[in-house]
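Just passing along the structure, written as structure tokens.
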Amino acid sequence: MLRLIPDSMARQMRSSFEAELTQRLSRASQVRLQDVIPAHWFAAAASECASMYIAGFFYGSISVAQSYVEALSKFLAETHAKTHNVSMGNNVEERWKRLHKKKVVSSAVCDAAVSMFADRNDFHHLNRQVEQDHRELEARARKCVNHLHTIESEVFAYSFDEPGKLTYHKPEYWPLCGRDMARVRLRQLW
């Protein structure tokens with residue numbers, strides 16, 4: 001049974017949100033987001049990275065962004081295993097470098113992905129040396145979200161060649177659900 005939310009709790013939540021609104025708007029203005037991505041198993045998590053950054057949840061934003069980039073590298077390696085002879089391997093950074101060497105991704109995408117893994121273990125295992133300074137965490141999360149835009153805007157590139165119709169530059173990355181139709185995830189920064 002759904003409990004009624006006390007008015008005092010609603011006022012407190014509204015007040016907290018309004019107090020943080022200026023900071024959230026500032027953070028939203030500092031990142032870019034690919035507004036349409038394919039609706040794969042990683043799409044929901046990928047979509048939360050920017051939202052967590054804007055809300056000030058920097059550890060979550062960084063960790064999920066790193067996990068997403070790992071999942072995306074697996075997806076690309078699996079997709080191109082036969083056509084480009086890309087092996088999976090266990091090392092994520094090496095996998096991105098192989099994807100670049102086989103011309104699946106550009107050097108900009110490879111560099112963005114690899115740079116996200118410099119401190120991956122510290123965040124995923126909460127090692128003692130994990131960053132704790134709030135300003136540094138915010139900067140790292142912002143960098144991760146913007147790296148995701150670099151990666152997604154190339155890997156999941158699209159255009160509107162006809163009104164209301166997306167043209168996928170790499171259709172093999174988009175899950176089809178009918179003739180000329182794909183399942184997508186629509187995103188926005190707020």
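Any read-out appearing in this document is the output of simple, stated calculations on the displayed coordinates, not a laboratory observation. Bear in mind that the values here come from a model prediction, so they are computed numbers and not experimental data. Here Cβ is always computed from backbone atoms with ideal geometry, including for glycine, and neighbour counts include all displayed protein chains.
Mind telling me which of the residues Ser26, Ser63, Ser51, Ser16 ends up being hydroxyl-bearing (Ser, Thr, Tyr) and closer than 19 Å to Leu126 by Cβ?
Just one listed residue meets the conditions, Ser63.
Take Thr22 and tell me if it is out of contact with any Pro (no Cβ under 8 Å at 6 or more places or on another chain), outside any helix (DSSP H, G or I), more than 19 Å from His147 (Cβ to Cβ) and hydroxyl-bearing (Ser, Thr, Tyr).
No, not satisfied.
Let me ask another. Does Ser61 satisfy being within 13 Å of the chain's Cα centre (by Cα) and either without any contact (Cβ under 8 Å) to a residue 40 or more places away in the chain or at negative phi (or both)?
When the stated conditions are applied, Ser61 passes them.
Tell me yes or no: at least one residue of the range 5-28 is in contact with a strand residue (DSSP E or B) (Cβ under 8 Å, 6 or more places away or on another chain) and of a type in the set (A, V, I, L, M, F, W, C).
No: the range 5-28 contains no residue that is in contact with a strand residue (DSSP E or B) (Cβ under 8 Å, 6 or more places away or on another chain) and of a type in the set (A, V, I, L, M, F, W, C).
Can you tell me which residue is nearest to Tyr158 (Cα to Cα) among those in the range 1-50 that are under 12 Å from the mean Cα position of the chain (by Cα) and without any contact (Cβ under 8 Å) to a residue 40 or more places away in the chain?
Phe42
How many residues, within the range 31-77, are among the polar types (S, T, N, Q) and outside any helix (DSSP H, G or I)?
The number of residues fulfilling the criteria is 1.
I'd like to know if the range 5-26 contains one or more residues that are over 30 Å from Cys177 (Cα atoms), out of contact with any His (no Cβ under 7 Å at 6 or more places or on another chain) and crowded, with 16+ Cβ neighbours inside 10 Å.
Yes: the range 5-26 contains one or more residues that are over 30 Å from Cys177 (Cα atoms), out of contact with any His (no Cβ under 7 Å at 6 or more places or on another chain) and crowded, with 16+ Cβ neighbours inside 10 Å.
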